[in-house]
Structure formats: structure tokens, C-alpha cells
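These notes are about the structure you will find just below.
The values are calculated or read from the model by the stated rules, or taken from the named source; none is laboratory data. Just so we're clear, the structure is a prediction, and the values are computed from it rather than from any experiment. Because the Cβ atoms are built from the backbone with ideal geometry, glycine has one as well, and the counts that use them run over all protein chains shown. Only protein heavy atoms, including side chains, enter the accessible area calculation; ligands, DNA and RNA are left aside. Shrake-Rupley method; radii C 1.70, N 1.55, O 1.52, S 1.80 Å.
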Amino acid sequence: MPGKAAKVVITERQQSLLQEIAAARTSEVRMSQRARIILLAFEGMKNEEVNAQVSMNPDQVGVWRKRWKAAFTQLVSVECTEPRDGLRKAILAVLADEHRSGRPARITAEQQAQLVALACEQPNPDECPVSHRSSEDLAGEAVKRGIVDSISARHLRDILERNDVRPHRHKYWLTSPDRRDPDFDERVTEICDLYQEAQELYQQKGIHTVCVDEQTGIQALERIAPDLPTRPGLTAKLKFEYRRYGTISLFGNLHVPTGQILKPLLNATRTEEDFLENLDNLISHDEDAQWRLIVDNLNTHCSESCVLYVAAACGLDDDLGEKGVRGVLKNRFTRMKFLSDPTHRIRFIYLPRHTSWLNQIEIWFGLLRRKVTRLGNFASLPHLCDKITQFITYYNSVLTHPYKWTYKGRLLCK
């Protein structure tokens, strides 16, 4: 004789959530079925009648009725203390499958640790002339070393994923050689301080702080067919083949206090003479003012011509020596020391090596790539130059703003 079915009781809020779970298209089929079982049982249907509605064995219907009855007191407590989302999670937990132990693990924890260690090894070039091993290679090596008797590449990938090991992924990293210098932190902090005080010095004393650098190899590419614009449901398409018309170099000068690009220069080359031309154009913007120029360590930024230009512009009559022999002009280090002298009206501030991220002009170069050159279509090299010039004019009149520099010079990691 069949037993008596468990009586199902639900509150109005529980009923509303069960109806949502049962009707939602995103719900799993099993969760939707179980929610319907509780709702139909609450209406007074017998297990056989519920079975006809949800296509589930009457014994299974009875199991979920008992599960709900046993958890009802706890659900009421959750409903009284937590918001609607908390109650929804509690209901889903009641309707979820109970944890099952499953079959005993075929690969022990010790073997898994050995597999992870194997994945972290670099291949021995004498034994395996590859840069890195694939999942199949790792599985074969594990069997070869006797770590496991057999393992599939997929099973091995699952083990590595659970241990957050991804040997197939690689990222480039770069550290500054100057990081070992005792004054590295001070140099980074100095750059940040220059940015923080740039607006005040410009407004009160007319001192210009400018980030200077070059973006080289800007390509003039013309796709051989028109672009297909985006449409509802369709992604914009760019023709893969293109014609190449050459490259151009842009000398950019970002005025830190205002965010404007001052006296940009487009040249086919990036030589010492080109940088000197850019420097002269920049200084002529305000010949009698003080200039603080933030640059990287490129040799053209500390050349003999730069020293001679700064000495002449600052009215310095000192003996500068001879390049490669003596004095200020002897080598790049003596020239950099002269150009970075804080007593000069025109002063160069050199970034530590491999710290271009400290140069604000790199932010603007990224904007130029995104808005003009990366997806642009240029019929000739002069056309590319015109587009860059037009964008700079537009930027200076519409988009320009000083960057809010929040980094204070404190390193995120050692």
C-alpha cells in the first residue's frame, strides 16, 4: 500500500520565485521540473497527477516533496532575514542535486602534484627540441617518466586548470635595467612631481612642461576594396589586402599643463637633425620661457647638436669640449648631465630606461592609433600626413585636456 505523500507548504514569496524558476528560459530543465513539482504539489495534486504534468517517476516526485518539506523551516528563516536574491539562492540549493562522492580518484594527489610540476618545467632542448610542450606532449612525458600509467591530454588539461596552471599561455614582461640604481625611485618620483606641479608653474611663472617622443613607422595603407560598414547583426568588415605607400614618423610634443600638442613635426626619418628641427620648432613657440622637456634615453635626445643648441639658446659660453675626447661633449653621459642641469632655462628630464609608461605622450599616441591610423584608409603618404595634421588640429580645439596623473611614484611591486 503506497505511503502518504508529504504535504507541501509554500509562502507567497516562495511561490513567486518558484514560478520564475519554472518559467525562465535560462533555467536548467531539471530545476524547472523540480520547481513545477513543488508548485503542483502545493495545489493538492497527487504524485501520479504531478507525474503526468512533468513526466517524472512518481517515486522521484515524492523525493522532492519530502526534500521541500524538510527544508521549509530553513527557507522561512532565510525569507525573514535575507533579501529576495538570498531566498532564491536558498530555493535553488534545495532543488539542486545532493553531492555524490563519485568513483575513487584514479590519479592520486601526489601524482597530480607531479603533473603540475612537469607542466611548469622547461623542455630540455637536448631531449625535446621544442620551445614548449603541448597537452599531448605533457601526457606522453608523464607516462614516459612513470608518473601515471596512462592519461589523456584532456584529463591532464582538467588537472592543470583546477590547479590554475596554464602552460600554453605566455605574456611578455619588461623590467628597467635602471631599477637596480639606488636613485631609481627618486627619478620616478621626480617625473610624477613634475606632472603634479606643471599647471601651477605654467599659470604662475609661464614654465612649460612638455613630454616629447617620436612615433615611428606609421604606415600609409590603402585597402584595395571599400570597407563594409556595420549593420544590425553584422560586424564591420575591412578588406584584408592593401597597398602600401610608405611610412612617416611623428614628433609629438604634449604640453602637460594644457594637454595640447605643440608644433608637431612629420618627417620621413628620425635622425639627430630631425629631432633638432623639432626642438627648435618647440622652443620658438615661446623663445624666452623656461622649458622642462621629458624625454627617453634615445641617443638623438642627448646628441651633440642638442647640447650646442641648448648652450646657444641659454647664452652659455663655456668650453663644451670635443665629442669623444673631453668635456661636456665627450660621451652621452656627460651630454645628458649637461642637458639635465636644473639651472638651465631649457632642461631635459630623462626617464629611466624602459619606463615609457611614465611619458604622457604615449597616452596620446595610443589615442592617435585608435582614432586615426589603426583603421584608417590612406590613398598616399601625403594623405596620411593630412589626416594626422587634421586630427591634431581637431584634438587641440575640441578634445584637448590635461591628463589627470594619479600615480605618485610608489612602485606597485618590488
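Data for the structure
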{"item": "When residues of the stretch 176-192 are limited to those that are outside any loop (DSSP other than H, G, I, E, B) and over 15 Å from ASN359 (Cβ atoms), the one most open to solvent (accessible area, probe 1.4 Å)", "result": "ARG180"}
{"item": "Boolean, CYS128 is at pLDDT 90 or above and either under 35 Å from the mean Cα position of the chain (by Cα) or exposed (fewer than 12 other Cβ atoms within 10 Å of the Cβ) (or both)", "result": "no"}
{"item": "Number of positions in the stretch 26-69 that are open to solvent by 90 Å² or more (accessible area, probe 1.4 Å) and closer than 24 Å to PRO83 by Cβ", "result": "2"}
{"item": "Tally, over the stretch 269-291, of residues that are more than 15 Å from LEU250 (Cβ to Cβ) and surrounded by fewer than 18 Cβ atoms within 10 Å (Cβ to Cβ)", "result": "11"}
{"item": "Filtered residue count, the stretch 339-356, keeping only those that are farther than 18 Å from CYS314 by Cβ and surrounded by fewer than 17 Cβ atoms within 10 Å (Cβ to Cβ)", "result": "3"}
{"item": "Residue check for GLU214: under 19 Å from LEU265 (Cα atoms) and open to solvent by less than 60 Å² (accessible area, probe 1.4 Å)", "result": "yes"}
{"item": "Residue match in the stretch 13-25 (condition: open to solvent by 20 Å² or more (accessible area, probe 1.4 Å) and not in a helix (DSSP H, G or I))", "result": "yes"}
{"item": "Subset tally (residues that are open to solvent by 80 Å² or more (accessible area, probe 1.4 Å), over 37 Å from the mean Cα position of the chain (by Cα) and either of a type in the set (S, T, N, Q) or over 30 Å from GLY146 (Cα atoms) (or both)) for the stretch 83-114", "result": "4"}
{"item": "Total residues in the stretch 292-338, condition open to solvent by less than 30 Å² (accessible area, probe 1.4 Å) and of a type in the set (Phe, Trp, Tyr)", "result": "1"}
{"item": "Condition broken by SER77, with the remaining ones in (1) of a type in the set (S, T, N, Q); (2) closer than 30 Å to ALA23 by Cα; (3) loosely packed, with under 11 Cβ neighbours inside 10 Å satisfied", "result": "(3)"}
{"item": "Test: residue in the stretch 194-208 that is in a loop (DSSP other than H, G, I, E, B) and either aromatic (Phe, Trp, Tyr) or touching a residue at least 24 places away in the same chain (Cβ under 8 Å) (or both)", "result": "yes"}
{"item": "Residues of the stretch 312-328 satisfying the condition of being of a type in the set (A, V, I, L, M, F, W, C) and within 20 Å of ASP274 (Cβ to Cβ)", "result": "ALA312, ALA313"}
{"item": "Qualifying residue in the stretch 214-227 (condition: in a loop (DSSP other than H, G, I, E, B) and touching a strand residue (DSSP E or B) at 6+ places or on another chain (Cβ under 9 Å))", "result": "yes"}
{"item": "Residue check, ILE363 aliphatic (A, V, I, L, M), assigned to a helix (DSSP H, G or I), closer than 30 Å to ALA220 by Cα and open to solvent by 30 Å² or more (accessible area, probe 1.4 Å)", "result": "yes"}
{"item": "Unmet requirement for TRP173, which otherwise passes all of (1) surrounded by 14 or more Cβ atoms within 10 Å (Cβ to Cβ); (2) part of a loop (DSSP other than H, G, I, E, B); (3) under 29 Å from the mean Cα position of the chain (by Cα)", "result": "(1)"}
